[in-house]
Amino acid sequence: MSQQLMTGKKILVVGIANDKSIAYGCARKLREQGAEIAVTYLNEKAERFVRPLADELEASIVLPLDVTVPGQMAAVFAEIEKEWGSLDGLIHSLAFCPLEDLHAPISQCSREGFLQAMDVSCYSFIEMAAFARPLMKEGGSMISFSYLGSALATGDYNIMGCAKAALEASTRYLARDLGPDHIRVNTISPGTIPTRAAGGIKDFDAMLEYNKQKAVDHQLPTIEEVGGAALYYLSDLSRGVTGTVHYVDHGVCIVG
């Protein structure tokens with residue numbers, strides 16, 4: 001039997017909320033291919049949903065991480081350094097915007113809502129990259145998740161479209177910044193998937209149906225399909241690829 005693609009690789013997965021989460025689909029695919037997994041959960045309330053999944057993934061590190069709480073991110077990476085000594089990859093699957101700002105026309109978004117969306121959805125990836133960099137001693141790979149609303153004014157995505165556009169720009173600049181250390185940075189842009197976070201988007205069921213009709217095969221993406229893309233980016237299969245945005249949306253991005 002041939003060696004699995006991720007044997008010996010240590011991957012941090014941030015953003016699992018439940019078994020419908022994109023981050024969970026990715027972590028499961030990586031674990032199937034031999035990766036050792038570290039998992040974070042948002043808070044005590046979230047832990048009861050995440051802990052059983054971490055056990056299923058045989059995660060060797062399970063810690064709380066709210067990126068808006070000072071010191072928590074530093075604590076996660078300190079534990080990774082203590083337990084593992086190094087890191088090969090990370091998955092950032094975080095986004096947040098207050099509902100009143102997400103649902104408001106963008107001209108009515110509050111300054112506070114804008115800053116929160118940018119902080120959690122974009123800056124936290126930049127900060128995470130800074131902590132991960134010294135642990136990726138032999139190089140590594142980082143991925144985050146965007147959406148087509150970053151490039152097109154679509155649905156009621158509103159201010160989150162701005163946050164995801166910033167995330168995609170950050171991907172390019174981080175790829176250039178970290179490239180000399182042989183660290184690759186890419187973004188995956190899935191189509192509409194009924195996750196818990198997506199449930200906050202206004203008229204999301206209508207968005208699902210619209211995207212199903214726009215897809216070239218009239219299918220919606222799954223967390224397993226996104227997990228396959230994550231496996232590609234976090235494995236050596238993509239060792240020559242960095243700074244990209246990769247769509248997993250059954251062709252919705254090409255039809256306009």
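Conditions: (1) among the small types (Gly, Ala, Ser); (2) in contact with a Pro (Cβ under 9 Å, 6 or more places away or on another chain); (3) over 26 Å from Glu36 (Cβ atoms). Ala165 meets all but one. Number of the miss?
The single condition Ala165 does not satisfy is (2).
Considering only residues of the stretch 167-182 that are of a type in the set (A, V, I, L, M, F, W, C) and within 17 Å of the chain's Cα centre (by Cα), which is surrounded by the fewest Cβ atoms within 10 Å (Cβ to Cβ)?
First, pick out the residues of the stretch 167-182 that are of a type in the set (A, V, I, L, M, F, W, C): 167, 169, 174-175, 178.
Of the ones still in play, those that are also within 17 Å of the chain's Cα centre (by Cα) are 167, 169, 174-175.
Numbers: Leu167: 27, Ala169: 13, Leu174: 24, Ala175: 19.
Filtering first and then ranking leaves Ala169.
Quick check on my filter: what residues within the stretch 1-32 are among the hydroxyl-bearing types (Ser, Thr, Tyr) and in a loop (DSSP other than H, G, I, E, B)?
Once the filter is applied, which keeps residues that are among the hydroxyl-bearing types (Ser, Thr, Tyr) and in a loop (DSSP other than H, G, I, E, B), the stretch 1-32 yields Ser2, Thr7, Ser21.
Taking Val69 and the conditions (1) hydrophobic (A, V, I, L, M, F, W, C); (2) in a helix (DSSP H, G or I); (3) over 26 Å from Val226 (Cα atoms), which numbered condition does it fall short on, given that it satisfies the others?
(2)
What's the number of the condition Val50 fails, among (1) at pLDDT 95 or above; (2) farther than 25 Å from Ser146 by Cβ?
Exception for Val50: condition (2).
Among what's in the stretch 142-157 and is among the aromatic types (Phe, Trp, Tyr) and in a loop (DSSP other than H, G, I, E, B), pick the residue that is modelled with the lowest pLDDT. Full working, then the answer.
Kept after step one, since they are among the aromatic types (Phe, Trp, Tyr), are these residues of the stretch 142-157: 145, 147, 157.
Filter once more, so that each one left must be in a loop (DSSP other than H, G, I, E, B): 147, 157.
On the way: Tyr147: 95, Tyr157: 87.
Here the residue is Tyr157.
Among the residues of the stretch 217-256, how many are in a helix (DSSP H, G or I) and either closer than 25 Å to Leu178 by Cα or in contact with a His (Cβ under 9 Å, 6 or more places away or on another chain) (or both)?
The number of residues fulfilling the criteria is 13.
Could you run through the stretch 42-63 and say how many residues are out of contact with any Phe, Trp or Tyr (no Cβ under 6 Å at 6 or more places or on another chain) and either surrounded by fewer than 18 Cβ atoms within 10 Å (Cβ to Cβ) or closer than 19 Å to Val120 by Cβ (or both)?
The number of residues fulfilling the criteria is 14.
The values are calculated or read from the model by the stated rules, or taken from the named source; none is laboratory data. Bear in mind the structure is a predicted one, so any value in this text is a computation, not a measurement. For neighbour counting, all protein chains shown are included, and Cβ atoms are generated from backbone atoms with ideal geometry for every residue, glycine included.
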